[in-house]
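Below is one structure, written out as structure tokens, with a few remarks after it.
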Amino acid sequence: MQIDKELIRKYNKPGPRYTSYPPANYFTEEFTEADYIQMVRDSNNEWPSAISLYIHIPFCPQICFFCGCNTNLMPKKKEIERYIHNVKKEIDLVAENLDKSRLVTQIHWGGGTPNSLNLAYVEEVMNLIYEKFSISSNPEIAMECSPAYLELDHVIKLANMGFNRMSLGIQDINEDLLKRLNRRPARYPIKDIYRTAKKAGFEGVNFDFVYGLPSQTVEDHMESIKKAIEISPERIVTFSYAHVPWFKEHQKKLEDYNIPQADTKLKMLESSFQILTENGYEAIGMDHYAKPGDELSLALKNKTLHRNFQGYCTREKTGQVYAFGATGISQLSGGYSQNTRILKDYNQSLENNHLPVFRGYRLNREEKIRRKVLNEIMCNHYLNFDTIARDFKITRQQLKEVIDYNPGNLNEFVADDLLEYDDRELNVTARGFFLIRNIAMAFDPLMKSTQQNRYSKTI
């Protein structure tokens, strides 16, 4: 499939990513610890019954200048121990309010650079999780890893703790480029890390890349993708660099370099899409590619793909997400709760026996319905009005009223061959794949009253 550049330019306007609904800018500090505890208790009787756990490690041995994550320079051992102690305490406090019969289907470690920790700390937390929760027979247990700090024996130790999926943050294989970005290159050849992971029992390894980095060329990005295809991991991810120096001041250090503009980034997107799909990978969603036999590819075919803040997952593995650690966001059936970003506040809250809630949002029934609609469009490129209406025990007409459905809003998409629809269902075409955020916005009543320029552009 060729990417229609004129079409991309036409629709390239600000809009939400819909990782959550409503988006995180709607979260409010009026949401309290008591609200979160009640929401956790309520979650025991809500769908999905499965549990996903997220552990956030906000530390890195050095800060990459392009980074947009919530992280800090690695502190001294005493502060790390304090943080891990409080993460474990937070797990204890939340677990007290959860039904012990519910199964954990996902555990995800993110950051930061969680694999730069002494793995003894990781083992401490994992042992507590195994003690406090009932784990499903086939859970997904994943860690985001920087290959710069990954010893080959670390991979084996993680497998022995139960980890079976790894996301390798390669970003680009050009070591000169990485040096300019203040990022260390991989300690070992990526193919050796991949082979070690597979031999150790990892079911899947993601290779993560970033395109549009300052001083990065189309050739740089393509060389990285070609090398990845040679190794043939289960999934490849290509994230778009976001230059936000007003939010991440260290990005100002990159402004002396050429920052690829929209046309160059589009060329990177198009080139990587073409070579990946020509070499057997299937485009899953925003920036994600997987092999045809991968569970995400199969879920997309079966229209059972789901997504949370940690990425795509199958409906089988989907759980309500309970997040631990500074800045972690819990995603429950009833709403969202975000922990404080400030390490000092996080530690003090837990040392005073309080959960470190900073802000959150409680969903009403209409918002839950809209969230479901948007998830189906964003993940499965498909919408069946009757199926969702049945899930919420309402009529098709009532569903359409909740989302302020107006077929006239879809005429331009139809004229541009981005989607097809009738009274009962909607299907996004191959041409509409890269414009899925624009299509979703047509089903979001918030877009009528929201200042869209608060969001990044859709491409």
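In table form, for the structure just shown:
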item: Gain on full stretching of the segment that runs from Ser333 to Lys198 - 0.36 nm per residue minus C-alpha separation; result: 45.1 nm
item: Cα centroid separation - the stretch 48-105 against the stretch 207-259, whole Å; result: 26 Å
item: Partnerless cysteines, meaning none of the other Cys C-beta atoms lie under 4.7 Å away, in the chain; result: Cys60, Cys69, Cys145, Cys313, Cys379
item: Shape of the stretch 126-285, Cα gyration tensor, a/c cut at 1.5; result: prolate
item: Unsatisfied cross-links (Cα-Cα over 26 Å) in the set Lys132/Lys199; Lys267/Lys291; Lys267/Lys400; Lys157/Lys317; Lys198/Lys227; Lys78/Lys317; result: Lys132/Lys199; Lys267/Lys400; Lys78/Lys317
item: Value of relative contact order over the stretch 365-445, rounded to a whole percent, pairs C-alpha under 8 Å and six or more apart; result: 36 percent
item: Estimated [θ] at 222 nm from DSSP helical runs (n ≥ 4, -39500 (n - 2.57)) normalised by residues in the chain, nearest 500; result: -10500 deg cm²/dmol
item: 11 Å beta-carbon shell around Phe27, net charge (K/R +1, D/E -1); result: 0
item: Cβ-based net charge around Thr327, under 15 Å, with every Lys or Arg adding one and every Asp or Glu removing one; result: 0
item: Cα shape, the stretch 355-438, gyration tensor, a/c 1.5 rule; result: oblate
item: Value of relative contact order over the chain, rounded to a whole percent, pairs C-alpha under 8 Å and six or more apart; result: 21 percent
item: Per-residue Cβ neighbour rank within 10 angstrom, fewest leading, His381, His108; result: His381, His108
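Just so you know, all these numbers are worked out from the coordinates, no wet-lab data involved. Computed from a predicted model, the values in this text were never measured in an experiment. Backbone-built Cβ (ideal geometry, glycine too); neighbour counts: all protein chains shown.
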